[in-house]
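Structure record follows, encoded as structure tokens.
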């Protein structure tokens, strides 16, 4: 039997200062990049504008593409190589161009296609993808994405509040919020394009990060029940983290395998999504140990449990198992205490 | 034991149901064969691919209120939807979606479309057809001075900026003195008359917008301006004062295309009787056709009422020009040689046969009740879609291989049970997607790959717990029982939070992101079932076979 981190006795919680320093530095670095480069790199869906992915027969000269577009009146377009040397993306989203799309989103893409066709000759290139979004739709999508994040956070918080003691719930939500912040910093530093798919990745992370924290807290809840007299909360936490460590590592490995496969093999379109997921999975594991734990300790120290509460609320059984579960419940509560 | 039998029965039953759902079946589909759409039976796995995977076009349309406010947008959109749907059906798209979203938007999805621009044109064209007689009373010439005054008051004077002298010279001289062109004679005389008639002679001669740019065209009521002055004229015609100063019963309409003469480009506009003889509403049929003389044409048929009116009106206007106006642009303005009855044709000039086909199509389907504008377009080439599928499949296979290696390498026998569960998970998830007719998108593929990782997590939780219980010296049977029991709450909680995120994503996402949410939710539901129920059954089966096993390879 191969075993990793078996019976480990690391004192995780003791190093919370170092961990806090690290994430604070990371977030600060993100903020600094944000301050230097200014805005977030939003995708066309959010900014409004036109994106065209064009495939050329032969690798073209970027300068020629640019001058062609300039001549056609599409100034300030962002031209980028996309995957292979013959494929390029063109993003036209000057304020003026976006505004022009209020009257009809397709105008700019037609202009670009006509200009490129007359420059390179018909058949020398073809448009494989077009996205044109009017300013109104862009603004609505932005709002929707923002709303989705807020609502997911609130729902997660309510769920955790119901399933756990409020102290656990608060710690879990704060740690999840931390993950989102760190992920934002990562996105900013990598200069990843924030598209709807990336928002989807962030929302999935919200769930995933709550997962990791839940699994450790679930164990803390259980260990609290068999807490020996005089054992500190920190010791209980450390024990729970150590006990779940093999699982954390294994799960991290399998999920990472899946996201890395996406990152390297699923192509250019999905890559920003895969980056965010890969990083997020790592951060979720880190934060459930180093952020959620110390936060719980802090909250417990500020709002200590009354003796009766300790026997009651905090030790409340996780509730009824789902219908599919084998039903021989409750008896194990004693057995589990061993 | 009976319990175990039912468990196995349920799993096998679900597997059979899934296999049935996923089995390639014959469906009747509209497919393209040699450029023609035919209904055909095709055999395929009933999994729908999204536009980003099969290529196609997504359009979001809004009511265009830039010219005219629309009182009841929702009702107008309902009518527009019918027209758009009919046009698309005739255009021939395999499985189109035309949908009203809220009260303000139409969504049109056209899978497998290869000519996006053309499709969009067919959807969006208002197709409002009018037949109007061109003006032959020199109404414009009489108003030139007045128009110039108004334009100047509004600050619209192109002539001066662009080296006014030369333009003025060509404009005015041609208008006043050019006599070689026979059709220009009348207008030239008229322009002269304008000069003497009006008291505002002076400004006209210092080069007003109209006086310096307008030249008469080759038929009465048609005028030509240089392309460079087009935007200035557009602005001028939009002025309320010009509208008010229009000769009574007349309107100005632009021609469809710009004209090229040597190196110079021109635009044509027409002065027309504002009352149309008939409109497209009385049209019963329109067919594309090729005429040896005229080139590509659209032949139309009118209903009884329309035919009667058309005959009377055209009879009154023999030898006049009748402009055929589509969406307020003049397509052609042929001379009426005699009265026209039920059948007529629209000459497209140099238009292609395809243009004739499209025009006939939109005329048949009828005019849009309100103009629509595009709020959003996404179009993806079929090759890019196929590329995404291939890459997604590669990523899927590789992640599966990695996960299988990790699980079997680390958990040995138990890992194999988990992999068995994973296989069932894949089938169940796909079946669920097919059953709910969910659309598989590229982010959806990513969600699928991700849900595999999460599905394995449940197994990891259980196995680690079983190991712990074994460490505590419990028997194999008891350890397995305890392991499943204790891992349960964590598995349920984690799935629940992720499903919550998935549901919010579904609510707020569009197209591809919805696909992601659906696969993620389906994956989580399937993983809950396989981890808790299927894996447990596998363990029970194993224990049943090797009763009294003292060790477990985990």
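Bear in mind these aren't lab numbers, they're just calculated from the coordinates by the rules spelled out. Fair warning: this is a prediction, and the values are worked out from it, not measured in the lab. Because the Cβ atoms are built from the backbone with ideal geometry, glycine has one as well, and the counts that use them run over all protein chains shown.
What to note about this one:
- Coarse-grained scattering of chain A at q = 0.10 Å⁻¹, given as base-10 log I(q)/I(0) from a Debye sum over alpha-carbon atoms: -0.73
- Note on segment B:220-281: Cα-only Rg and Dmax are 13.2, 41 Å.
- Working from Cα pairs under 8 Å separated by at least six residues, relative contact order for chain B is 18 percent.
- In terms of surrounding Cβ atoms within a 10 Å radius of their Cβ, B:58, A:6 rank from fewest to most as A:6, B:58.
- In chain B, the longest principal axis of the Cα atoms and the axis of helix B:73-91 are about 80 degrees apart.
- Tail fraction, Cα-Cα pairs, segment A:49-133, threshold 19 Å, whole percent: 28
- Taking B:75, B:313 and counting other C-beta atoms within 10 Å, the order from fewest to most: B:75, B:313
- Rounded to 5, the percent of DSSP beta bridges in the protein assembly as shown classed as antiparallel: 95
- For the segment A:135-147, counting C-beta atoms of other chains within 10 Å of every residue's C-beta and taking the mean gives 3.
- Rg over Rh for the protein assembly as shown works out to 1.11, using Cα positions for both radii and the Kirkwood form for Rh.
- Principal-axis analysis of the Cα atoms of chain A puts helix A:107-120 at an angle of about 60° to the longest axis.
- Centroid-to-centroid, using Cα positions, segment A:170-234 and segment B:441-477 are 19 Å apart.
- Remark on segment B:292-443: ratio of C-alpha radius of gyration to 2.2 N^0.38 Å is 2.09.
- Likely footprinting exposure, A:251, B:332, B:279, fewest C-beta neighbours within 10 Å first: B:279, B:332, A:251
- Shape summary: segment B:277-367 maps onto an equivalent ellipsoid whose semi-axes, from the alpha-carbon gyration tensor, are 20, 16, 12 Å in decreasing order.
- With only the Cα atoms considered, segment B:335-388 has a convex hull volume of 181 Å³ per residue.
- Here the average projected area of the convex hull drawn through the C-alpha atoms of segment B:452-554 stands at 6.6 nm².
- 222 nm mean residue ellipticity, helices alone, for chain B (DSSP H n ≥ 4; -39,500 (n - 2.57); rounded to 500): -18000 deg cm²/dmol
- Over segment A:157-300, relative contact order from alpha-carbon pairs under 8 Å, at least 6 apart, %: 40
- Two-site label geometry, residue A:249 and residue B:353: point separation in nm, points 7 Å out along Cα→Cβ: 7.2
- Inter-site label distance for residue B:477 and residue B:436 at 7 Å from Cα along Cβ, in nm: 4.0
- Across peptide A:109-122, the mean count of Cβ atoms from other chains lying within 10 Å of each residue's own Cβ comes to 1.
- The angle between the Cα long axis of helix A:166-190 and the longest principal axis of the Cα atoms of chain A comes to about 30 degrees, rounded to the nearest 10.
- Cα-based Rg and Dmax for chain B, where Dmax is the largest Cα-Cα distance (Å): 35.7, 120
- Averaged over B:521-532, number of beta-carbon atoms from partner chains that fall within 10 Å: 1
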